[in-house]
Every structure is written in structure tokens, then in C-alpha cells.
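**Q** Before anything else, here's the structure in question.
The values are calculated or read from the model by the stated rules, or taken from the named source; none is laboratory data. Everything numeric here is computed off the predicted structure, so don't read it as measured data. We place every Cβ from the backbone using ideal geometry, glycine too, and count neighbours over all the protein chains shown.
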Amino acid sequence: MPSFLLDPIVITVALGAALLGLTAGALGTFAVLRRESLIGDTMSHAALPGVAVGFLLTGERSLPLMLAGAVVTGLAAALFSLYLSGRPRIKRDAAMGTSLGLFFALGVVALSYAQRMPGAAAAGLETFLFGQAAATLRSDLVLLGCVTLVALGAVSLVWKQAKLMTFDPDFAVAAGADRRVIEAFLTAALAVAVVIGLQMVGVVLMSALVVAPAVAARQWTASLGAMFWLAGAIGAASAVTGALISALSPGLATGPLVVLVATAVVCVALVTSPRRLAQVDG
Amino acid sequence: MQVLFDDIGFVIMATGVLAAGSTALLGSFLVVRGQALLTDAISHGIVLGIAVTFLLTGVTTGPLQLLGAGAAGVVTVLLTEALSASGRVRRDAATGLVFPAMFALGVLLLSLFARDVHVDPHTVLLGEIGYVWLDRVTLFGLSLPRSLVVLGAMLLVNLTFVAAFYERLSVAAFDEVQAGLHGLRPRAVTVALLGLTSMTAVAALDAVGVVLFVAFAIVPAVVGLLVARRLHGVVMVALLTAAFAAVAGYQVAVWLDLSIGGCMAAMTGIPLLLALTPVGRAWQMS
């Protein structure tokens, strides 16, 4: 075994990447099946002001606060786009683009303010744009691990309702499921999926890590359960590969590498899929 | 005259107005057609075009880059369409796959091979409008900032295109089948619109970067849709919103010492919020 694989920093980076790849990939399943891939893009860009505000609150790098801020602004952006698309003549994609553009702009402004504070460079705020695997600390692993456990545990608790709501919302409502609760839950799950990888993959490309593994998994299986875990595995593998390459070559941002690995898996999946010639409905 | 173009504040504001205006002009038609997020895909896709053009020819500016990167923007859209037409991946997921992959490859190539050039990933993402006055060209005996000249030309081209094809653009904006029946070749107009949008994104890149471009392409058009009833009204309101945002954004940025590009894009939010208030709504009704 090459000796660098035993390096504690490399192990930390790989473990962190595996956790976030697993969570983002698995939770992305619902987003892709519910045709919400681009909401993920809106949320990940909208996470930037939250990260900056999370930093400004304490003036130091506190990952839980920054990620909490990211969830709040990400969800706020999703809600704002929902409100806008309710207005006459405003289509859903224009509403999402408005939300994405405005929240990201606010993030850039907040970032430029935060960078004047002492300690901003040490907090690695810039790395939240394109991601930096090497910025992962040992203490972050506990947080990533807890989020992964809670997110996957919560999904397994409402698995049946979420499945019904994804494939047949009308029947789900008729069967007594509360549509708003389940939809809010799935949107929150998407927000968590997007936010968990921000530090390593960056706000600009994080949504691709939510979408690509699910799309790849969908080519190989038609079962929701199998797709969920396969997407998680693909996400973990892509994130670990990308993170290790970037951790070993200083100066290479992690986000682009992770996304390119995940996209390569999608290409392989598209070519080798057993459904290659069949028309797809799902 | 020259005094004006040596004034840094004026140059930055003028660059912002031209970038925001030429973007919002084409953005209006894309938003009305329900293709708002194509601007997101295009603005990311051009980064791969910039990287490839640089690797092949070594240019980081000029008409060659404009064409190469502009073509990449169109390719992004066509690839997305082809992937979703294959029936294997839905449209939203196809969009969410193609442009991040092209953007990621572009950023990677730039950070590997173009580190010392001004097209580094950070500039591509956010723009550096604060420095646009440094890079100058001489025209008509005047020393002018390059961005200002390029964006001015871009705005003229876009205005000419819109004026020449307004009818086709507005028909195709609402009903592509109908436009086809009238022999208006909606597909050709669409591709031209996408091509010009891509070139505008390249021209505006120094000023506003990839993501803020999206704000200028979409938000002013949405404001227009909220307060104006007819298409030309939508376009006018979008242009006014864009110009206001660029000027007001610069003032706020200088006042509070914040990111200029970020403030310009964020300022499009003020007219949007106004349009969403009861006053804005009443205006739309009348």
C-alpha cells in the first residue's frame, strides 16, 4: 500500500469525502426523480450568503454555524422562487434563476465584507466557491458523520410516504399522507444534501454531485431502494476519488475534480445501461 | 472626452451599464420564452470554450475568443437538448449534468495551464470590474478601456438583432409552432439568439463573471414581466432595471467598500421587490 494512504490528513479527507458523497448521492435520488435537479442548483448557489453570515456571527471558522446558515439561505431561496413562480406570468425556471442570481450576488457582497475581517483567510471562505478537500479538519468528520446518520435515518423513517409522494402524489394524498409535510421533508433533505458538501466541493458545483450519481444509478436499476444506495455509493466513490486527487496536488480545487469523476460515471452508465434501447418513463 | 474615459468611476459604471443592458436585452426574450435557465447553462459552458480557445491559440481576449467561447455556449445547450431528447435523462437533470461538467472541465484546464494569465477561475466566476479601466485600446484617437469598446459593440449588435428580428422573436417567444407555420424559421432565430447570448456572456465575463451574468439575464426580465403588459414594455423595463442596478450598485459598493460586481447584481433586487409590492401590482393591473 502506498504510504500516503496512511497519512492522517489523507485519511481524514477520504473519510469526509465518503460521508458527504454518500449523503448527497443518496438524497439526490429523490430530487432527480421529482424533477427538482435545478432547485438543487439554486440552493447550492444560495448557500453562499449563509456561509458568509455564519462566519460573520462568530468571526471564526465554525463549520456547524456556516452550514446552518447555508441551509437557512438555501431554503429561503427555494421558498422565494416558489413565491415568485406563483405570480402571474412568471415561469418556474425564471423564478429559480432570479432566486439563484440574487442570492449568489448577496453572497458575493457578504463575502467581500467578511474578507475584510481578521481571520477570514484562515477560515478559508474563498474555498467555499470551488471547494478544497484539504480544508477538512478532523473535527469536521464528527459533524459530517452525524448529519449523514440523521439524514439517512430520517429518510428511512418516512421511506414509504416519500416513495408514494415521488411516484404517485395523488394516491399518496388519498392514502392519507400529508402532502405538505412530506414535500417539505424532501426539500429539506435536498437542502442537507447540497449543504453537506459545500466545504469540499464548493457552492458552484455542489448541485452536480447531487444530480450525477442519481442519474447514473437510474440507468442501472428501476428499484427506488437500489437506486438510493447505488447513488450513495457512486457519490461516495466520486467524492473520494476527486478529493484524493486534489489533496495530493496542491492548488487544484476539489469541486471540478469530483464533478468530472461523477460525470465520467454517468457516461459509463449511459453506455452500459441495460435500458439503453428502451424508452424510459422514470 | 478623454477626461471622461480616464475617470475610473465613470468607466466602471459605463461598463456595468453596457454589460447589464446587453445581457438583459437578450435575457428578456429567453425569459419570456421559458428558457431562462439556458443563460445559466450558457454562462458556465463558455468557460470551457475560453479554456480550449486559450490552449489552442493562446488568446485570452479578442474576436477569436468571443467566437470560440460563444460556440461553446451554444454547444452546451445543444448537448443538453440531445441528452434529454435521448429519453434517458429528464430535461432538468440533463441541464444539471451538462453545464457543471463543462464548467468543471474548463476550470480544471484553466487552473492547470493558465495560472499566470488573467483568466483564472476566480475571475471567471466573479469578474473583476474594478480593474476594467486598466486594459485599454486606442480608437478614434481616444484611449478607451477595452471592455467598454467590446461591450458597446456587443450592445449594438444585440440591439440590431432584436430590431431586425423583433417580429420573429416575439412570435417565436409565444408559439414556436405558429411561427413555423408562418415560415418564420423559429429554429434559426433561436440558435442566433443563443449564439448572441453566449457571445454577450463572454464579453461581459471580465465585468460580471459567470454567475452574476445570470442575475442580469433573468432578474430584469422578471421585473419587466411583473410590471409591463406588452413585450416591448417588458424589454424597456428590463433595460431600465439593468442600468439602474449597475449605477446604484457601483455607488453602494464604493460607499461601503464591497464587491462592485456583487453589488451591481444584487441591486436588481430593489426594482424586483418594488414590483412585488402592492404598488407594482396595481401598475400591472392598470
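**Q** Among the residues that make up region B:44-58, is at least one of them away from chain A (no Cβ under 14 Å), among the polar types (S, T, N, Q), part of a helix (DSSP H, G or I) and free of Cβ contacts under 8 Å to residues at least 60 places away in the same chain? Give the steps one after another, and end with the answer.
**A** From region B:44-58, those away from chain A (no Cβ under 14 Å) are B:46, B:49-50, B:52-58; that's our starting set.
If we keep only those that are among the polar types (S, T, N, Q) too, we end up with B:53, B:57.
If we keep only those that are part of a helix (DSSP H, G or I) as well, we get B:53, B:57.
If we keep only those that are free of Cβ contacts under 8 Å to residues at least 60 places away in the same chain as well, we get B:53, B:57.
Scanning region B:44-58, I find at least one residue that is away from chain A (no Cβ under 14 Å), among the polar types (S, T, N, Q), part of a helix (DSSP H, G or I) and free of Cβ contacts under 8 Å to residues at least 60 places away in the same chain, so the answer is yes.
Matching residues to (1) at negative phi; (2) surrounded by 24 or more Cβ atoms within 10 Å (Cβ to Cβ):
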position	(1), (2)
B:Ile8	yes, no
B:Ala14	yes, no
B:Ala24	yes, yes
B:Leu30	yes, yes
B:Gly34	no, no
B:Asp40	yes, yes
B:His44	yes, yes
B:Leu48	yes, yes
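**Q** Return the residues of region A:91-112 that are assigned to a helix (DSSP H, G or I) and of a type in the set (D, E, K, R); say none if nothing qualifies. Talk me through it step by step, then tell me what you get.
**A** Step one: filter region A:91-112 for residues assigned to a helix (DSSP H, G or I), giving A:92-112.
Those that are assigned to a helix (DSSP H, G or I) and of a type in the set (D, E, K, R): A:Arg92, A:Asp93.
**Q** Can you report the number of residues in region B:91-109 which are aliphatic (A, V, I, L, M), surrounded by 24 or more Cβ atoms within 10 Å (Cβ to Cβ), more than 7 Å from chain A (Cβ to nearest Cβ) and farther than 20 Å from A:Ile39 by Cβ? So that I can check it myself, show each step before the final result.
**A** Of the residues in region B:91-109, the ones aliphatic (A, V, I, L, M) are B:93-94, B:97-98, B:101-102, B:104-105, B:107-109.
Right, trim to surrounded by 24 or more Cβ atoms within 10 Å (Cβ to Cβ) and you get B:93, B:97-98, B:101-102, B:104, B:107.
Okay, now just the ones that are also more than 7 Å from chain A (Cβ to nearest Cβ), so B:98, B:102.
Next, from what is left, pick out any that are farther than 20 Å from A:Ile39 by Cβ: B:102.
The qualifying residues number 1.
**Q** Also, quick follow-up: Which numbered condition in (1) charged (D, E, K, R); (2) facing another protein chain (nearest Cβ under 8 Å); (3) on the phi < 0 side of the Ramachandran plot is the only one that A:Arg89 fails?
**A** Going through the list (1) charged (D, E, K, R); (2) facing another protein chain (nearest Cβ under 8 Å); (3) on the phi < 0 side of the Ramachandran plot, A:Arg89 breaks only (3).
**Q** Here is a follow-up. Has region B:67-81 got at least one residue that is hydroxyl-bearing (Ser, Thr, Tyr), more than 12 Å from every other protein chain (Cβ to nearest Cβ), touching a Leu at 6+ places or on another chain (Cβ under 6 Å) and in a helix (DSSP H, G or I)? Explain how you work it out, then say what you get.
**A** Step one: of region B:67-81, the residues hydroxyl-bearing (Ser, Thr, Tyr) are B:76, B:80.
Those still in the list that are more than 12 Å from every other protein chain (Cβ to nearest Cβ) too: B:76.
Narrowing the set further to residues that are touching a Leu at 6+ places or on another chain (Cβ under 6 Å) leaves none.
The answer is no; no qualifying residue exists.
**Q** Scanning region B:87-116 for residues that are outside any helix (DSSP H, G or I) and over 12 Å from A:Val215 (Cβ atoms), which turns out modelled with the lowest pLDDT? If you could, list the steps in order and put the result at the bottom.
**A** Step one: of region B:87-116, the residues outside any helix (DSSP H, G or I) are B:87-90, B:114-116.
Filter once more, keeping what is over 12 Å from A:Val215 (Cβ atoms): B:87, B:114-116.
On the way: B:Gly87: 81, B:Ala114: 72, B:Arg115: 67, B:Asp116: 63.
Ranking the candidates gives B:Asp116 first.
**Q** Quick check: anything in region A:79-86 within 13 Å of chain B (Cβ to nearest Cβ), part of a helix (DSSP H, G or I) and in contact (Cβ under 8 Å) with a residue 24 or more places away in the chain? Please lay out each step first, then the result.
**A** Of the residues in region A:79-86, the ones within 13 Å of chain B (Cβ to nearest Cβ) are A:80-81, A:83-86.
Checking the rest, the ones that are also part of a helix (DSSP H, G or I) come to A:80-81, A:83-85.
Going one step further and asking which of them are in contact (Cβ under 8 Å) with a residue 24 or more places away in the chain, we end up with A:81.
The answer is yes, given that some residue of region A:79-86 is within 13 Å of chain B (Cβ to nearest Cβ), part of a helix (DSSP H, G or I) and in contact (Cβ under 8 Å) with a residue 24 or more places away in the chain.
**Q** Could you check region A:167-282 for helices (runs of 4 or more DSSP H) lying wholly inside it with 2 or more residues that are touching a Leu at 6+ places or on another chain (Cβ under 9 Å), more than 9 Å from chain B (Cβ to nearest Cβ) and free of Cβ contacts under 8 Å to residues at least 60 places away in the same chain?
**A** Details: elements: A:169-174, A:179-196, A:198-201, A:206-220, A:224-248, A:254-272.
Of the helices (runs of 4 or more DSSP H) lying wholly inside region A:167-282, those with at least 2 residues that are touching a Leu at 6+ places or on another chain (Cβ under 9 Å), more than 9 Å from chain B (Cβ to nearest Cβ) and free of Cβ contacts under 8 Å to residues at least 60 places away in the same chain span A:169-174, A:206-220, A:224-248.
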